[in-house]
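K.L.:
Let me begin by handing over the structure; questions about it come next.
The values are calculated or read from the model by the stated rules, or taken from the named source; none is laboratory data. Here the structure is a predicted model, which means the values were calculated and not measured. Quick reminder, even Gly has a Cβ in these numbers, built from the backbone with ideal geometry, and neighbours come from all protein chains shown. Quick note on the areas: whole protein, heavy atoms, side chains included, nothing else; ligands and nucleic acids left out. Shrake-Rupley method; radii C 1.70, N 1.55, O 1.52, S 1.80 Å.
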Amino acid sequence: MNVEINGSPILATLPIFGGIPLTATLVVTWSIMLLLTLFCIWLTHDLRVDHVTTRQTVAEFLVNTAQNFVDSNMGTRFSHYAPFVAAIFSLSLLSSLSGLLGVFSPTADLSTELAWAVLVFVLITATKIKTNGIGGYLKGYTQPIAVLTPFNIISEIATPISMAFRHFGNIVSGTVISTLIYAALGAASHALFGLLPGVVGDLLSQIPFLSVGIPAVFSLYFDWFSSFMQAFIFCMLTMMYIAAAAEAD
């Protein structure tokens, strides 16, 4: 029996940890994080001042790109967020693209985006408290008038929820559309070649010729471009919310 949690298949359970389910989301996510860690270790191994290798050049380019991305959107005082933003972007992009390898995509599990959004929410809250203090942070919920306090609380909670559902919805919708395209091309191929007479028509109509090559064009958008854009948007929202929290009064 195929048991799933949030659409993610349960691969096993961990009895020594109280029977915690080991889902495909966890396995793929940790695999991607391991690959990213090993890749970073490989890139930053044996750094030099002179006779710089191609590997080091790539590492410096990636670091500078991430640093400039954060500095240009948040300001230099938030430069320390560059590793975090780069990590979220890389993990989001590779998680979405992992589906092309035939494995379960972690971003197809809402709990993945919710976890990222909660982490960002904690950073936003910590920034507000650091900027205004506990008293100023709590007072902010009563602005501009105290009667709006419940609505301000709802608005605050809605921030991580909207970030998670926006990312999740766009990724899943792309997957659904790609599936529909494959199905439609398969049906069109069956109908088109079924027009041929005799055994030839019966044989060729069973082969989804139109499903070869054509879906790759749509994949450039729904898989590659969409995955990149959703990772980019999530990081942009993260930087905007944190920077805005530092300016709260």
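K.L.:
In a Debye calculation with equal point scatterers on the alpha-carbon sites of region 19-161 and no solvent, what is log10 I(q)/I(0) at q = 0.21, 0.22 Å⁻¹?
P.N.:
Calculated log10 I(q)/I(0) at the listed q: -1.28, -1.32.
K.L.:
Taking R0 as 35 Å, what FRET efficiency do you get between Met33 and Ala244 from their Cβ-Cβ distance, rounded to the nearest 0.05? Could you put the intermediate results ahead of the total?
P.N.:
Working: r = 29 Å, r/R0 = 0.82.
Plugging the Cβ-Cβ distance into 1/(1 + (r/R0)^6) gives 0.75.
K.L.:
If I stretch the segment between Val103 and Asp71 completely, what's the gain in nm (0.36 nm per residue apart, minus their alpha carbon distance), one decimal?
P.N.:
Contour length minus Cα-Cα distance gives 8.0 nm.
K.L.:
Still on this structure, I have one more. For region 28-91, count the residues as N, evaluate 2.2 N^0.38 Å, and divide the Cα radius of gyration by that value, please.
P.N.:
Compared with the compact-globule rule of thumb, region 28-91 sits at 1.23.
K.L.:
Taking the Cα-to-Cβ direction at Ile145 and at Ala126 and moving 7 Å from each Cα, how far apart do the two end points lie in nm?
P.N.:
In this crude label model, Ile145 to Ala126 measures out at 3.7 nm.
K.L.:
A follow-up question, please. Efficiency by 1/(1 + (r/R0)^6): what FRET value for Ile177 and Ile157, r their Cβ-Cβ distance, R0 = 41 Å, to the nearest 0.05?
P.N.:
0.85
K.L.:
Now for a separate question. Would you calculate the separation in nanometres between label points at Asp50 and Ala187, each defined as 7 Å from the Cα along the Cα-to-beta-carbon direction?
P.N.:
If labels sit at Asp50 and Ala187, their model points lie 6.9 nm apart.
K.L.:
Tell me which DSSP H helices of the chain clear both cut-offs, 27 Å or more of axial length from alpha-carbon atoms and a mean Kyte-Doolittle hydropathy of at least -1.0.
P.N.:
Helices meeting the span and hydropathy rule in the chain are 24-43, 54-74, 110-139, 149-193, 226-245.
K.L.:
Taking one equal scatterer on every alpha-carbon of the chain, how large is log10 of I(q)/I(0) by Debye at q = 0.08, 0.14, 0.16 1/Å?
P.N.:
With one equal scatterer per Cα and no solvent, log10 I(q)/I(0) is -0.47, -1.08, -1.23.
K.L.:
With all protein chains present and a 1.4 Å probe, how do Ile88, Ile233 order by accessible area, largest first?
P.N.:
Values: Ile88 15, Ile233 60 Å².
Largest accessible area first, the residues go Ile233, Ile88.
K.L.:
With every protein chain left in place and a probe of 1.4 Å, what is the accessible surface of Cys40, to the nearest 10 Å²?
P.N.:
Counting only protein heavy atoms, the figure is 70 Å².
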